[in-house]
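Notes to accompany the following structure.
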Amino acid sequence: MASVVLPLRAILLQLLLLLMVIGIEAFVLQRRLKITRRISIEYSASINLLSTAIGWLVLFGVEPLLPPALKEQLISFVLFNAWLPTASSLFILVGLATFFVTLTVEAKGFDYLETLATGKKDEPSYQKAYYRTQIQQREVSDRSRSRITTILLANACSYTVILLVLFVSSLGLGS
Amino acid sequence: MNRLKEIFDQIRRLILPPSAFSWQTLILLSVFSCIMSALTNDIIRDLLASFGWIFLIFGVGWLTTEKPVVLGGLSLGPWITGALVSIFLFGNYIDEEPSLLFVSWPLISAAIAIIPHFVSSAKLKNPSPDSRQRLAILILSNVIISCWFQFYFVIQGWLQEYPGLLTNDFNRSNFVVRLSLRPPRPPRGVTILNRAETLLREELDNRRWPEVEKWLLSIKQQPEAFEQSVMRTLGDDFESRLWRLETRILPGNPDYNLQMLATWQGPSSDPEGYYLVQSCEIIQVSPPTGTSPTPSPTANPQSGVLAPQQTATSRIECGPISQPTFGEQPESRSESPSVR
């Protein structure tokens, strides 16, 4: 190639966003789940790195399969920050799908990480819960419900901040 | 003199192995294998070279464990060793598939970095629960770095598949940065215009004027035919689909001016794409008898004797191909060229 095109901006952008998101989610986790700062940062970091990695893998899996028209839209978006209005709805769809998929990945990943970290399986398996008392059952389901809510809240906060940052940066770069 | 002796002593202490079981032994074995491999050939050489690499890898791995190079609380050893392993495994493929080497490097380094946590005194063990999170973070970070490398190669693939993209300006991108070392290769449009010029010369150079005008009329009525005959010579790949060739005929008197525009209609920094223009003059050459040339073939010879085979002929002169211009193409100067 006569000239070299490097995805440096993407790397910087991703580092910035990751740091922000990890910080925000760690903060929310720490406040709501009453865990120490170090653990919340570690959780938040591993979960967000996991969803980012999955996102990249999805991109690399989908990109070769795209029909030429969509591929040109993708190239136009990545290289020139320009896309047809018809592609906007696709972007919105992808954004929403990303949100919900990362939510699911984070919820499942959270459980898995806890197992990994503490070395024992977590309680809410319904067979065990059957033998518990009513109060303990309610505690268990409350706990898992509050955890899902926390994850939802953490993701909502971090995505809001991401959108704000992207919006402000697009204003700054001009139309 | 003393200074030199000191330096020699230091180097000797560094290189010579203090015991048979140390990293210096491995590095020396590696150098030995490399030298031996240079002296032989074929299979033995490859074998010795591989041994050389393996010794080097283990030697460096050991060295970085004993004398770690630390950057910000993290030993860089696994990445150095990982780089050596990647080069050893994939270095031969760097021309066909360079992505293998770069994408595998962080993954191999992560694998090397986590080995000490899984093996303790030659036995497999599970890593302690505290460190599991950190191992996960380490592995995932390296996966993401691999993804960054792969992204670079995906973009390279795009640029090779659609070379017309390179003429564009990448400043508005949120993702990439362009470091230009040399001016970019001329886009496909230049090839298209060159082929078009060749085709034009075949058809129109040194022909009788009436044929020329008939040909120009057919172009005016069916512009796609010319475009297709040019495009057909290019072969069918993704990028050719995105180039369009437009031919405009501007009447002069009595010559014609043919303007050809090759337009890139793929992704571009300008919504209208960019185009290259080449102008060709079709000049009427008067017949050698020196009588005044009549532009109209149907005009009966009035003054002077014009033998039927001495009608005017044509000559083509083509100008240079322009630099790529962004934005909307210029309007034609006249709507309908009239062919008299």
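Quick notes on this structure:
- Of the helices (runs of 4 or more DSSP H) lying entirely inside region B:1-105, those carrying at least 2 residues that are under 37 Å from the mean Cα position of the chain (by Cα) are B:23-39, B:43-66, B:77-90.
- Those helices (runs of 4 or more DSSP H) of region B:172-268 in which at least 3 residues are more than 12 Å from chain A (Cβ to nearest Cβ), within 24 Å of A:SER76 (Cα to Cα) and in contact with a helix residue (DSSP H, G or I) (Cβ under 9 Å, 6 or more places away or on another chain), considering only elements entirely within it, cover B:188-204.
- Count of residues meeting criterion [at pLDDT below 85 and in a helix (DSSP H, G or I)] in region B:111-133: 9
- In this entry, A:PHE80 is excluded by the filter for residues that are farther than 30 Å from B:LEU242 by Cβ and either at pLDDT 85 or above or surrounded by 12 or more Cβ atoms within 10 Å (Cβ to Cβ) (or both).
- Inter-residue pairs, beta-carbon under 6 Å, first among the basic types (Lys, Arg) and in region A:27-50, second in a helix (DSSP H, G or I), 6+ apart: A:ARG32/A:THR150; A:ARG37/A:GLN30
- Subset of region A:73-115 [closer than 30 Å to B:THR167 by Cα and polar (S, T, N, Q)]: A:GLN73, A:SER76, A:ASN81, A:THR86, A:SER88, A:SER89
- Filter pass, B:ILE108 being over 18 Å from the mean Cα position of the chain (by Cα), assigned to a helix (DSSP H, G or I) and within 23 Å of A:ARG38 (Cα to Cα): no
- Counted residues, region B:195-214 - those being touching a strand residue (DSSP E or B) at 6+ places or on another chain (Cβ under 9 Å) and free of Cβ contacts under 8 Å to residues at least 12 places away in the same chain: 1
- Counting the residues of region B:231-263 that are within 21 Å of A:ALA69 (Cβ to Cβ) and in contact with a Pro (Cβ under 7 Å, 6 or more places away or on another chain) gives 2.
- Any hit, region A:3-20, residues being among the hydroxyl-bearing types (Ser, Thr, Tyr) and more than 10 Å from every other protein chain (Cβ to nearest Cβ): no
- In region B:108-144, the residue that is farthest from A:LEU49 (Cα to Cα) out of those that are among the basic types (Lys, Arg) and facing another protein chain (nearest Cβ under 9 Å) is B:ARG132.
- Options A:PRO85, A:PRO68: the member that is without any contact (Cβ under 8 Å) to a residue 40 or more places away in the chain, more than 8 Å from chain B (Cβ to nearest Cβ) and over 21 Å from the mean Cα position of the chain (by Cα): A:PRO85
- Residues in region A:1-19 that are surrounded by 15 or more Cβ atoms within 10 Å (Cβ to Cβ) and out of contact with any strand residue (DSSP E or B) (no Cβ under 6 Å at 6 or more places or on another chain): A:PRO7, A:ALA10, A:ILE11, A:LEU13, A:GLN14, A:LEU17, A:LEU18.
- Checked against (1) among the acidic types (Asp, Glu); (2) touching a Gly at 6+ places or on another chain (Cβ under 8 Å); (3) more than 7 Å from chain B (Cβ to nearest Cβ), A:GLU25 meets all criteria but (2).
- Within region B:269-285, considering residues that are assigned to a loop (DSSP other than H, G, I, E, B) and crowded, with 17+ Cβ neighbours inside 10 Å, the one farthest from the other protein chains (Cβ to nearest Cβ): B:GLY273
The values are calculated or read from the model by the stated rules, or taken from the named source; none is laboratory data. The structure presented is a predicted model; accordingly, all values stated were derived computationally and were not measured. Reconstructed Cβ throughout: ideal geometry from the backbone, glycine too, with neighbour counts over all protein chains shown.
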